1. Using Cα-Cα distances under 8 Å and only pairs 6 or more residues apart, what relative contact order does chain B have, in percent?
2. Per 5 Å bin from zero, what fraction in whole % of the C-alpha pairs of the stretch A:1-122 is there, up to the bin with the longest pair?
3. Taking Rh as the Kirkwood radius computed over C-alpha pairs, what is the Stokes-Einstein D of the stretch B:330-446 at 37 °C in a medium of viscosity 0.692 mPa s, expressed in µm² per second?
4. What is the percent carbon and sulfur in the accessible area of the stretch B:367-450, measuring with a 1.4 Å probe over the protein chains and ignoring ligands?
5. Along Cα→Cβ, 7 Å out, is where each label goes; now give me the distance between the ones at B:K503 and A:S15 in nm to one decimal.
6. Over the Cα atoms, compute the radius of gyration (one decimal) and Dmax (the largest Cα-Cα distance, rounded to a whole number) for the stretch B:557-612, in Å.
7. If you project the alpha carbons of chain B onto the principal axes, what extent comes out on each, in Å, largest first?
8. Which of the helices in chain B, when you take each full DSSP H run, stretch at least 15 Å along the axis at their Cα atoms and have an average Kyte-Doolittle score of -0.5 or higher?
Amino acid sequence: MQTTEEYKITDALASFVEKWREKPGNLIMILHKAQSEYGFIPRKIAIELGRILDVPLAKIYGVITFYNFFKLEKPGKHNIQVCTGTACYLKGGIDIIEELEILLGTGVNTVTDDGLFSIESVRCIGCCGLAPVLLIDGEIFGKLSKDDLPKIIADIRDR
Amino acid sequence: MATITLTDLKKLREDNKESENIHIIIGMGTCGIAAGANKTFDAFLDEIKVNNLKNITVKPTGCMGLCYVEPTITVKTSGQPDIIYGNVNCETACKIINEHIVEGKLVEGHIFENPAADIVNTENYDSDYKQFRIVLRNCGVIDPENIEEYIARDGYIGLEKALFELSSDDILNEVKKSGLRGRGGAGFPTGFKWEFTKQIESDQKYIICNADEGDPGAYMDRATLEGDPHSVIEAMMIAGKCVGADKGVIYIRAEYPLAIERLEIAMAQSKRLGLLGKNILGTDFSFDLEIRLGAGAFVCGEETALLASVEGNRGMPIPKPPFPAVKGLFGKPTVINNVETFANIPVIITKGGSWFAKIGTEKSKGTKVFALTGKIKNSGLVEVPMGTTLHEIVFGIGGGIPNGKAFKAVQTGGPSGGVLTEAFLDTPIDFDSLVAVGSMMGSGGMIVMDEDDCMVDIAKFYLEFCVEESCGKCAPCRIGTKKIYELLDKISQGKGELSDLQKIKDMGAAMQKASLCGLGQTAPNPVLSVIKAFEEEVLEHINDKKCRAGKCKDLVTYTIDQENCIGCTVCARKCPVNCIEGAIKVAHKIDQSLCIKCGACFEVCKFDAVIVS
Ligand SMILES: Cc1cc2nc3c(=O)[nH]c(=O)nc-3n(C[C@H](O)[C@H](O)[C@H](O)COP(=O)(O)O)c2cc1C
Ligand code: SF4
Ligand code: SF4
Ligand code: SF4
Ligand code: FES
Ligand code: FES
């Protein structure tokens, strides 16, 4: 999906860039800030950052594409991150993903038509004791079974 | 507040020792919160208010280690043993106030054993405890967002000694004497690592804490940072004083927001007191600390890749030597240690290297923290002296396998390690013994598997992980991981041939020898250990086209027993691809050409009519 929205450097991002400008190796920290502002890294912002920091765009994209954490596509309003780390895998993390795909009618790394949800598979969020787990909007749901999912989705929808 | 002096610090320590109040301490690590600890916290506050009780402090703490019964709380009453309660929801919280606090009666059914003796403020440790907590000494005890509580529990004594009593050679000697070996996986002696950096003349040196914790299924470092961030900060300064570094970086994975937040709070607090920053405690030692975030790349846990990442680049490893100890961050000598390694340091300096060296085995000193997960009853964080057997952890502390299933294997070392069968459960845990039996210590992930887990599937899982995480710089790893994965996939589909096993072994051996970094060198370990330890099961997949655990979808078929099926239609309605035919009260049938083998019909049938074969 190609976005037509206009993205501008937010004040928060601009001041973050100022704070980090002189520090060597600042690029990854700045990209983290950018992603926390927009939910992903819009092309326009990548270009702007390249200009402000005097870093070639190729280098910025090189870094973004190397690291799984950075996204080039806009995720759903609620990005559902399902853990498929070892502990969650053993305890049925994949079943959780498959059930979500059925419930939401969309696959991993894609967004529902209404833009509300996207599903992502992530490797371990450190709550292995509660496996299988998923993370939505910073909230962790643990000891999941497939039957818990419709309610979780419905609650988020109502927010 | 102006920076404090040594006298102020000592006073602060005395002033904050135990008060007379009753303390209700609530485990509020990431997973505690996920299990509802916030609500439990509020329930305690409300109930205390309703009952108009005085002199009760309710406070948060980090992981107590009993992750399987979260939310967990401890009730501390001076002069009485601590009581740990698990599964404390709001209702139980009210009960604890009304029965335990008000009436002095314990609340049955929620009480859990204290896992370990407190090594702080105690002279004799009761040997009855199964665990021994050095790294986790403050986790589940202090409020990690309150520096005074850390200080009151001997916090920053190590730094005090390092600044006022010990020379940098003395510090090094204590660390060497302790026998501490790196907890990040490789087990390199920490003292020697520091010595390399110490010996080199340089205008700038760095101390880096590796908090990338990439092994999926491990969370020891997260729990340590969330529960006791100051111990790592203090240790990094001690290392700085020892080797002559005045800058530190904590490289932490972005997936750990709470650990990052608590580190930031801790750093701000130590700065405010003048325990971090310029001229610490009025001495000429200064230390500057900064957090850098990882971004979801397992390879960045490898030290040269980590350095590239901190420098703002793609995290690709480079050949060693030169080692980071000599040529590290921005080309300067750099000590890189793991979170858990650092968390031992303040205790080693405070209690002495020889105190530490008394714990553990001859070549592996101290303790090790494990994240015990998978098919295990008491899933959680455990810290045991080196030399404890796997059996003791899995069946003693871990309580064995749930749901009456049979134990199959325990995996240590994550994507770099191996599986161990029942025959090896008596292996004492230390760096060398685990390698000798075909696995490795790793960073502390310990995953238990039961009869329902297919070992070919597990091997495939780890390989897939390595395919995704290989940085692609060198061919043996980039191509090898992919090829082995494809062969395993073939085997799991029942298309495997006997010669495939030899191919896997040959490629694995080549990868171990020729890969540039540890990721590629160790990526074949899980599959090689599976082939060795579970040869029969692997051969079954190849020769008999059979998966005994029923996990390899291509090797199972779902059919409906025409006798048993009563025609309730439940399965037909549940089947996601509508491939089950039949009318009410008529035996149903599965169209095998459409079935995706999701197993839904098997799960929902109440009449045992769906057969898996
Ligand atoms: C692929 C790979 C991933 C690694 N991941 C980590 C990690 O997440 N955390 C860690 O402390 N060490 C990790 N290591 C080990 C580090 O390279 C390094 O040995 C360690 O941080 C040194 O600290 P220590 O001596 O205190 O163990 C990894 C190594 C490799 C090859
Ligand atoms: S072994 Fe793998 S991860 Fe390591 S440098 Fe080579 S390709 Fe990259
Ligand atoms: S659920 Fe079982 S009994 Fe009911 S129609 Fe399906 S196979 Fe038959
Ligand atoms: S296994 Fe799944 S796809 Fe196959 S018949 Fe049963 S429910 Fe339908
Ligand atoms: S494996 Fe899922 S949270 Fe760790
Ligand atoms: S109690 Fe939460 S991480 Fe263990």
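1. 11 percent
2. 2, 10, 19, 18, 16, 12, 11, 7, 4, 0
3. On the way: Rh = 15.3 Å.
It comes out at roughly 214 µm²/s.
4. Carbon and sulfur together cover 53 percent of it.
5. Roughly 5.9 nm, to one decimal.
6. Cα only, the stretch B:557-612: 9.5, 25 Å (Rg, Dmax).
7. Largest to smallest, the principal-axis extents are 85, 66, 41 Å.
8. Passing helices, by number: B:37-50, B:229-243, B:257-273, B:339-351, B:455-469, B:475-492, B:498-514.
The values are calculated or read from the model by the stated rules, or taken from the named source; none is laboratory data. All values reported here derive from a predicted model rather than from experimental measurement. Because the Cβ atoms are built from the backbone with ideal geometry, glycine has one as well, and the counts that use them run over all protein chains shown. All accessible areas refer to the heavy atoms of the entire protein, side chains included, with ligands and DNA or RNA removed. Shrake-Rupley method; radii C 1.70, N 1.55, O 1.52, S 1.80 Å.
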